[in-house]
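Q: If you scroll down you'll find the structure; I have some questions about it.
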Amino acid sequence: MRGRQKRCGIFGAITGSYTSNKPKVVARGSSRRYFSLFTQLSRKVPAMRLEATIPDQRANAAVELADELGLSRSQLMDEALSLFMKAVMEVRRGRRLYTVDPTRANTECEISTPTLAALEWALRPQPLELPPAAVTKMRELVAAPAKPNERLKTAATRHKR
């Protein structure tokens, strides 16, 4: 079976040998695959088992990419986590990530994910300035809230905990 071959890949010599226990892809349901990831970062750090639920398309793309690069799935996930941790660190420093085409001038593409975008927004809070009339209106609404109507009462009874 192709997935059981031991591969050290191009980073095997740098990061230490990886275990030959490859993660198994177990199909559960039609839209998800569960990966058991065994990651060994160095010989001094014990391996940690991780499970992740990802869409089928992304799981298939990950398996194909690992095969194409000659990496195990664990090595591929280790590389992906390393890159994501570096991206988070750079966003926390106030930087943005770009890819640049070295053959063309002024050709760049920003790299972003929902998590990185949310982190960037959270690190740059903006002051909110309201006119005095809006502040007065908000205080009045908080002091004397409107009584719940029938639709709100029905929704509340439906979602009681």
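Q: State which residue pairs qualify: first residue of a type in the set (D, E, K, R) and inside segment 57-77, second residue assigned to a helix (DSSP H, G or I) and buried (at least 19 other Cβ atoms within 10 Å of the Cβ) in any location, beta carbons under 6 Å apart, and separation of 6 or more residues or different chains.
A: Arg73/Ala66
Q: In this structure, does Pro125 turn out to be surrounded by fewer than 11 Cβ atoms within 10 Å (Cβ to Cβ), at pLDDT 90 or above, farther than 30 Å from Met48 by Cα and of a type outside the set (Lys, Arg)?
A: No, not satisfied.
Here's the yes/no breakdown for (1) under 14 Å from the mean Cα position of the chain (by Cα); (2) surrounded by 10 or more Cβ atoms within 10 Å (Cβ to Cβ); (3) within 22 Å of Glu51 (Cα to Cα):
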{"position": "Leu65", "(1), (2), (3)": "no, yes, yes"}
{"position": "Ser74", "(1), (2), (3)": "no, yes, yes"}
{"position": "Glu79", "(1), (2), (3)": "yes, yes, yes"}
{"position": "Glu90", "(1), (2), (3)": "no, yes, no"}
{"position": "Arg93", "(1), (2), (3)": "no, no, no"}
{"position": "Arg104", "(1), (2), (3)": "no, no, no"}
{"position": "Pro114", "(1), (2), (3)": "yes, no, yes"}
{"position": "Pro131", "(1), (2), (3)": "no, no, no"}
{"position": "Thr136", "(1), (2), (3)": "no, yes, no"}
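Q: Checking the conditions here, which among Ala27, Ala47 is surrounded by fewer than 16 Cβ atoms within 10 Å (Cβ to Cβ) and modelled with pLDDT under 50? Give the steps one after another, and end with the answer.
A: Numbers: Ala47 fails: modelled with pLDDT under 50.
Of Ala27, Ala47, the one residue that is surrounded by fewer than 16 Cβ atoms within 10 Å (Cβ to Cβ) and modelled with pLDDT under 50 is Ala27.
Q: Which residues, counting only those in segment 83-139, are hydroxyl-bearing (Ser, Thr, Tyr) and out of contact with any Asp or Glu (no Cβ under 9 Å at 6 or more places or on another chain)? Talk me through it step by step, then tell me what you get.
A: Applying the first criterion (hydroxyl-bearing (Ser, Thr, Tyr)) to segment 83-139 yields 98-99, 103, 107, 112-113, 115, 136.
Listed by number, the residues that qualify are Thr103, Thr113, Thr115, Thr136.
Q: Could you grab me the full set of residues in segment 78-115 that are closer than 24 Å to Ala66 by Cβ and part of a helix (DSSP H, G or I)?
A: Residues satisfying the conditions are Asp78, Glu79, Ala80, Leu81, Ser82, Leu83, Phe84, Met85, Lys86, Ala87, Val88, Thr115.
Q: For segment 142-161, give me the residue count where each residue is surrounded by 10 or more Cβ atoms within 10 Å (Cβ to Cβ) and assigned to a helix (DSSP H, G or I). Talk me through it step by step, then tell me what you get.
A: To start, the set of residues in segment 142-161 that are surrounded by 10 or more Cβ atoms within 10 Å (Cβ to Cβ) comprises 148, 152-156.
Add one more test, that the residue is assigned to a helix (DSSP H, G or I), and what stays is 152-156.
Adding up the residues that qualify gives 5.
The values are calculated or read from the model by the stated rules, or taken from the named source; none is laboratory data. Values in this document were obtained by computation on a predicted structure and should not be read as measured data. As a convention, Cβ positions derive from the backbone with ideal geometry for all residues, glycine included, and neighbour counts pool all protein chains shown.
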